[in-house]
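Beneath this line is the structure, given in structure tokens, with notes to follow.
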Protein chains: 4
Amino acid sequence: MPHSPQEKKKVLARVKRIRGQCDALERALEAGADCGPVLQQIAAIRGAVNGLMSQVMEAHLREEFGHPATSEQQRAARVAEMSGLIRSYLK
Amino acid sequence: MPHSPQEKKKVLARVKRIRGQCDALERALEAGADCGPVLQQIAAIRGAVNGLMSQVMEAHLREEFGHPATSEQQRAARVAEMSGLIRSYLK
Amino acid sequence: MPHSPQEKKKVLARVKRIRGQCDALERALEAGADCGPVLQQIAAIRGAVNGLMSQVMEAHLREEFGHPATSEQQRAARVAEMSGLIRSYLK
Amino acid sequence: MPHSPQEKKKVLARVKRIRGQCDALERALEAGADCGPVLQQIAAIRGAVNGLMSQVMEAHLREEFGHPATSEQQRAARVAEMSGLIRSYLK
């Protein structure tokens, strides 16, 4: 998950970008960069990880709620699951 | 929003609790409390505000997706709106 | 803490402002405001609480490190305490 | 920064671990893992990035305040810089 090829591609592209940011951070640390710029790089990685989390949750929402539920039970189960994900990761 | 009386009651109870935590923090500051306990109180307020945000988003999810959409268009609009809320506040 | 009268005054003013934001949120909820604006108000409170936490930590830093330590032991204890506060609340 | 060989080694080890977590996440996504476990992995990365940020700020604090300032001016400059870092990244 996400299952659609386009969503998967976009999520994977973001993960690769975060790894690239880690590589750049490693080089900066090896080169003895100052604390200020190093913290800026880490803050950028933190922002990218939050963006990735949001992207995966949005893809999940689209996949779960983008088509009608086949039963009331399924609808209730979807809502309960999505609600749990919001509770767990909105912080 | 949230519109159901129970949801509204629960949300309001949480807001009142946060205000009570602010009152306690004010008293601690007036009394010259140490930095450590003051930061603990502020962190508790931060946690409570995050909990409130999650509660409101979950209530919105239940109200929007707890019953079938009347059209594909409405379904798509609901998903787009919820997706925007996740993107804005998951950080 | 913070102990200087000006710092204390500024911190207290911020706590009062957060309480005022809670009052406004309560009124909005009572009036049945929409989910979007309610979440915006909650996000503003979250930002204000983070600002308050930062302000208290900065005041503590100024009070602890704004004048020379009287011994190596005191210096080490100050650094260890401040380090613990950063570890606990930077998240 | 951090400049001491041990601090640098510990920070680099953490960056490498985060990269390893990104690799594991990429494999899970390629293998079509479910949304729940994927979000757990992303949350673990977010926690690790916050831990890294805290570690770098703590190392900076030790390096800046672990020995006496040579002048009042230097002390004030150190406090102002550290204060700015707390304000920027405590959120």
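Computed from the coordinates by the stated procedures, all read-outs in this text should not be read as laboratory data. What you see is a predicted model, and the numbers here were worked out from it, not measured in a lab. No Cβ is skipped: glycine too gets one built from the backbone with ideal geometry, and neighbour counts run over all protein chains shown.
Looking only at other chains, what is the average number of their beta-carbon atoms within 10 angstrom of each beta-carbon in B:71-80? Present the calculation step by step, with values, prior to reporting the outcome.
Numbers: counts 0, 3, 0, 0, 4, 3, 0, 3, 7, 3.
Average per residue, whole number: 2.
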Under Karplus coefficients 6.51, -1.76 and 1.60, residue-wise ³J(HN,Hα) of the range B:42-50 in Hz, glycine/proline x: 5, 5, 5, 5, 4, x, 5, 5, 4
Principal semi-axes in Å for the protein assembly as shown [√(5λ), Cα gyration tensor, largest first]: 40, 29, 13
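Inside 10 Å of the C-beta atoms of D:62-70, what's the mean count of C-beta atoms belonging to other chains? Provide the component values of the computation, followed by the final result.
Numbers: counts 5, 2, 3, 10, 5, 2, 4, 3, 0.
That average works out to 4.
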Ratio of the Cα radius of gyration of chain A to 2.2 N^0.38 Å, where N counts its residues: 1.46
Rounded to 10°, Cα long-axis angle of helix D:5-30 versus longest principal axis of chain D: 20
Rounded to whole Hz, the Karplus (6.51, -1.76, 1.60) HN-Hα couplings of the range C:69-75, x for glycine and proline: 6, 8, 7, 4, 4, 5, 4
Sorted peptide list for D:36-45, A:31-40, criterion being average Cβ within 10 angstrom, highest first: D:36-45, A:31-40
Peptides C:56-62, A:3-9, A:60-66 ordered by average Cβ neighbours within 10 Å, highest first: C:56-62, A:60-66, A:3-9
Dipole in debye (nearest 20) - the range C:5-89, about Cα centre, beta carbon charges: Lys, Arg +1; Asp, Glu -1: 200
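For D:8-14, what's the mean count of beta carbons from other chains sitting within 10 Å of each residue's beta carbon?
Numbers: counts 3, 1, 0, 5, 4, 0, 1.
Averaged over the peptide's residues, the number is 2.
Normalised by the number of residues in chain A, what is the relative contact order in percent for Cα pairs under 8 Å and 6+ residues apart? Let's see the in-between values first.
Details: 29 pairs, mean separation 29.9, N = 91.
Relative contact order of chain A: 33 percent.
Per the helix-only calculation at 222 nm, which mean residue ellipticity applies to chain D, given -39500 (n - 2.57) for every DSSP H run of n ≥ 4 and division by its residues, nearest 500 deg cm²/dmol? Before the final figure, lay out the partial values.
Working: 3 runs with 75 residues, N = 91.
Using -39500 (n - 2.57) per qualifying helix, the result is -29000 deg cm²/dmol.
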Long pairs among B:Lys91/D:Lys8; B:Lys16/C:Lys91; B:Lys91/C:Lys10; B:Lys91/C:Lys91, criterion Cα-Cα beyond 18 Å: B:Lys91/D:Lys8; B:Lys16/C:Lys91; B:Lys91/C:Lys10
